[in-house]
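A short write-up of the structure that comes next.
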Amino acid sequence: MRTYYLRSFGCQMNDHDAERIRALLEAEGLERVEVPERADLIAYNTCTVRRSADERFYGHLGEASRIKKLHPERLVVVCGCLVQAEGDAFLDEHPFVDIALGPQSIHRLTEVLQLGLRGQGYFNESGPFSGDLPTCRELPFQAWIQVMSGCSNACTYCIVPRVRGPERSRPAARVLAEVRALVADGVLEVTLLGQNVNAYAAQDAGHAVDGSPFAALLRRVDEIAGLERVRFTTSHPKDLSDDLIEAMATLPTVCEHLHLPAQSGSQRTLRDMGRGYTMQQYLERAAAVRQAIPDIAITTDLMVGFPGETEADFQETLALVREVGFDGAFTFVFSPRPGTAAATLPGQVPAAVAGDRIERLVAATQKEGLRWHEGLVGKRVEVLVEGPGRHGDVLRGRSRQNVTVNFSGDAGPGQLVPVMVEAATSTTLRGRLVT
Ligand code: SAM
Ligand code: SF4
């Protein structure tokens with residue numbers, strides 16, 4: 001076996017797992033190809049957070065099935081949350097799939113290849129953190145670092161706790177060692193990853209901390225010489241402590257961006273979702289963050305069509321969007337997931353009603369995003385250059401506030417440069433390099 005094809009779906013945690021899958025395959029001597037037809041091993045890393053994610057993957061799996069019919073010797077491997085949710089039934093239903101690996105079983109790839117295993121599924125394991133496996137990054141100067149796995153919250157709509165297991169925190173010493181090694185290897189920007197990073201609990205003996213263990217971790221990451229930028233995601237509003245806000249405000253490497261999923265502005269919907277905060281508490285936390293870090297960009301996740309959501313509930317979500325003035329938002333239509341409490345709640349919202357609400361929500365978030373970005377016109381922002389822009393001969397990078405900036409000027413990937421902002425859209429900035 002000489003070549004592999006890998007397609008990953010879903011969130012940043014999955015993208016990060018995909019980097020580990022690539023590294024494990026490459027350690028076995030396989031080379032990446034861009035089309036499945038040319039690959040000896042076809043791998044998918046699946047997501048199942050919404051039905052649309054399942055459907056997108058099944059479209060691709062059809063392609064693998066056709067290839068397998070023509071070339072039965074090829075290996076089809078399916079990893080990730082969807083196969084974890086379905087377990088052995090997935091292999092029974094798709095007999096041409098050779099191997100299925102849940103997200104906690106990625107490390108099994110090596111033995112699968114070395115022993116030539118077939119027809120096997122590995123689920124519900126509590127293997128090593130994928131962060132402890134070898135890695136392979138897209139850009140030499142940016143890296144994701146897993147600080148937690150799983151989730152122990154019980155949001156009633158969410159399948160993540162079922163497929164990724166209970167929350168586990170990676171010991172601080174392991175996280176710090178990984179950051180140090182990455183910085184020595186040229187990394188300037190790290191993003192600490194977990195479903196609920198601000199619930200991180202430092203497990204290192206001898207490092208008992210007052211206040212938030214995640215804030216303590218940030219303080220120690222910030223001390224690492226040569227590291228320029230630290231980001232983290234996702235934060236849960238109920239676990240956003242004053243200590244963490246203080247750390248964000250004072251640590252020079254921690255970027256002025258907070259992703260703080262609100263989900264809804266309705267008290268009743270938030271309660272039925274089991275989120276553990278009220279709209280007032282969310283607004284109070286957002287205000288505390290803005291007061292401590294005036295130029296912070298706050299982004300969020302919002303959902304429409306949760307069971308029982310009325311037009312009045314939805315109006316409260318729109319009010320929340322206007323009140324917080326989000327820089328950006330990921331917006332979703334509620335999708336009932338098998339085995340979750342919300343899937344069987346009464347008052348399921350018809351698709352047409354949810355469709356109309358999502359359109360209005362997207363318009364409202366775009367309006368706020370545009371307003372927020374226009375406020376940056378005429379200001380200077382620091383950009384980490386990632387590469388060429390999509391159009392013309394501009395360059396592209398991201399500001400500390402995590403906004404994509406297209407700009408003219410002469411700079412190379414991995415450089416930190418000052419850019420004067422000249423124009424804005426709801427999602428990006430445009431400018432020119434200044435000295
Ligand atoms: N742990 C993070 C949090 O609590 O904010 C996010 C995890 S989830 C992968 C990302 C987003 O997907 C959630 O914030 C939520 O808005 C959305 N989501 C999760 N389950 C969903 C469902 N059943 N239907 C629609 N959207 C969903
Ligand atoms: Fe899902 Fe809630 Fe956990 Fe986020 S905090 S992963 S939405 S259960």
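Observations on the model:
- Within the range 400-429, residues that are more than 23 Å from Met248 (Cα to Cα) have Cβ atoms under 8 Å from residues that are acidic (Asp, Glu) and surrounded by fewer than 21 Cβ atoms within 10 Å (Cβ to Cβ) in these pairs: Ser408/Asp393; Pro413/Glu386; Val419/Glu382; Ala424/Glu374, counting only partners at least 6 apart in sequence or on another chain.
- Pairs with Cβ under 7 Å, 6+ apart, first in the range 100-114 and in contact (Cβ under 8 Å) with a residue 60 or more places away in the chain and part of a helix (DSSP H, G or I), second surrounded by fewer than 21 Cβ atoms within 10 Å (Cβ to Cβ) and among the polar types (S, T, N, Q): Gln104/Ser126
- Subset of the range 367-391 [buried (at least 16 other Cβ atoms within 10 Å of the Cβ) and touching a residue at least 24 places away in the same chain (Cβ under 8 Å)]: Glu368, Gly369, Trp372, His373, Leu376, Val381, Glu382, Val383, Leu384, Val385, Glu386
- Note on the range 241-282: residues that are away from ligand 2 (no atom under 16 Å from the Cβ) and touching a Lys or Arg at 6+ places or on another chain (Cβ under 7 Å) total 6.
- Odd one out for Ala53 among (1) more than 16 Å from ligand 1 (Cβ to nearest atom); (2) closer than 21 Å to Cys158 by Cβ; (3) hydrophobic (A, V, I, L, M, F, W, C): (1)
- For the range 55-69, the criterion of being assigned to a helix (DSSP H, G or I), among the β-branched types (Val, Ile, Thr) and touching a strand residue (DSSP E or B) at 6+ places or on another chain (Cβ under 8 Å) is met by at least one residue.
- Test result for Arg285, more than 28 Å from Ala173 (Cβ to Cβ), away from ligand 1 (no atom under 16 Å from the Cβ) and touching a residue at least 12 places away in the same chain (Cβ under 8 Å): no
- Leading residue by the ranking (nearest to the chain's Cα centre (by Cα)) among those in the range 226-268 that are without any contact (Cβ under 8 Å) to a residue 40 or more places away in the chain and more than 16 Å from ligand 1 (Cβ to nearest atom): Val254
- Residues that are within 16 Å of ligand 2 (Cβ to nearest atom), in contact with a Leu (Cβ under 7 Å, 6 or more places away or on another chain) and not polar (S, T, N, Q), drawn from the range 283-311: Arg285, Leu302, Val304, Pro307
- Test: residue in the range 203-215 that is closer than 30 Å to Val83 by Cβ, more than 16 Å from ligand 1 (Cβ to nearest atom), surrounded by fewer than 16 Cβ atoms within 10 Å (Cβ to Cβ) and in contact (Cβ under 8 Å) with a residue 24 or more places away in the chain: yes
- Considering (1) more than 16 Å from ligand 2 (Cβ to nearest atom); (2) of a type in the set (Lys, Arg); (3) under 26 Å from Gln195 (Cβ atoms), the lone condition that Arg50 does not fulfil carries the number (1).
- Yes/no for Val209 being more than 16 Å from ligand 2 (Cβ to nearest atom), in contact with a helix residue (DSSP H, G or I) (Cβ under 8 Å, 6 or more places away or on another chain) and at pLDDT 95 or above: no
Here's the yes/no breakdown for (1) within 16 Å of ligand 2 (Cβ to nearest atom); (2) small (Gly, Ala, Ser); (3) more than 24 Å from the chain's Cα centre (by Cα); (4) under 29 Å from Ala286 (Cα atoms):
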| site | (1), (2), (3), (4) |
| --- | --- |
| Asp313 | no, no, yes, yes |
| Arg322 | no, no, yes, yes |
| Arg337 | yes, no, no, no |
| Pro346 | no, no, yes, no |
| Val353 | no, no, yes, no |
| Arg357 | no, no, yes, yes |
| Ala364 | no, yes, no, yes |
| Glu382 | no, no, no, yes |
| Asp393 | no, no, yes, no |
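- Taken over the range 143-189, the criterion of being outside any loop (DSSP other than H, G, I, E, B), within 16 Å of ligand 2 (Cβ to nearest atom) and charged (D, E, K, R) is satisfied by Arg162, Arg164, Arg168.
- Qualifying residue in the range 114-126 (condition: buried (at least 22 other Cβ atoms within 10 Å of the Cβ) and not small (Gly, Ala, Ser)): yes
- All of (1) at pLDDT below 95; (2) more than 24 Å from Gly150 (Cα to Cα) hold for Ser65 with one exception: (1).
- Qualifying residue in the range 354-362 (condition: within 16 Å of ligand 1 (Cβ to nearest atom) and in a loop (DSSP other than H, G, I, E, B)): no
The values are calculated or read from the model by the stated rules, or taken from the named source; none is laboratory data. If you're wondering where the values come from, they're calculated on a predicted model, not measured in any experiment. Glycine gets a Cβ as well: all are built from the backbone with ideal geometry, and neighbour counts include every protein chain shown.
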